[in-house]
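The values are calculated or read from the model by the stated rules, or taken from the named source; none is laboratory data. Just so you know, these numbers come straight off a predicted model, no measurement behind them. Cβ atoms come from the backbone with ideal geometry, glycine included; neighbour counts cover every protein chain shown. The accessibility values were calculated without ligands, DNA or RNA, using every heavy atom of the protein model including side chains. Shrake-Rupley method; radii C 1.70, N 1.55, O 1.52, S 1.80 Å.
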Amino acid sequence: QVQLVESGGGLVQPGGSLRLSCAASGSVFGIYAMGWYRQAPGKQRELVAHITAFDTTNYADSVKGRFTISRDNLNNIVLQMNSLKPEDTAVYYCHRYAGDYWGQGTQVTVSS
């Protein structure tokens, strides 16, 4: 079993920054492709950013140039979010594709 725990969400003004972290524990041997997803009220969950086992990254068009996904050790990933907009408001989820594991989510609210 694998547990994913997100942290770093909160309330920020438009134009501000937040750094989300996802810590993996349990059966986490090896390097895995992982992703950040988000779900806004009344909308479907969508992919925000993805990092492969070889650290190749890709991003949703809506966040390109503003968000950066990275791996800070074998088991943890980070989402640096800059120039935040109100439309970035959502619950953000960490996901490991192997085994289809999800975290519990962390709320990000961008509002003045």
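Here are a few things to note about the model shown:
- FRET efficiency for the Leu47 to Ser27 pair, using the beta carbon distance and R₀ = 22 Å, is estimated at 0.35.
- Residue ranking by accessible heavy-atom surface, 1.4 Å probe, largest first, among Phe67, Phe29 comes out as Phe29, Phe67.
- In sequence order, the range 28-35 has phi-based couplings of 10, 5, x, 10, 10, 5, 9, x Hz under the Karplus curve 6.51 cos²θ - 1.76 cosθ + 1.60, θ = phi - 60°, and Gly or Pro positions carry x.
- Normalised radius of gyration (Cα atoms, divided by 2.2 N^0.38 Å) for the chain: 1.00.
- Solvent-accessible ranking of Val28, Val48, largest area first, probe 1.4 Å: Val28, Val48
- Neighbour net charge for Tyr32 - beta-carbon separation under 14 angstrom, K R +1, D E -1: 0
- Springs join every pair of Cα atoms under 10 Å in this Gaussian network model of the chain, and among Asp100, Asp55, Asp88 the largest mean-square fluctuation is at Asp100.
- If the segment from Thr56 to Glu87 were pulled out straight at 0.36 nm per residue, it would be longer than the present Cα-Cα gap by 8.6 nm.
- GNM on the chain, alpha-carbon springs under 10 angstrom: the most fluctuating residue among Ala60, Ala23, Ala49 is Ala60.
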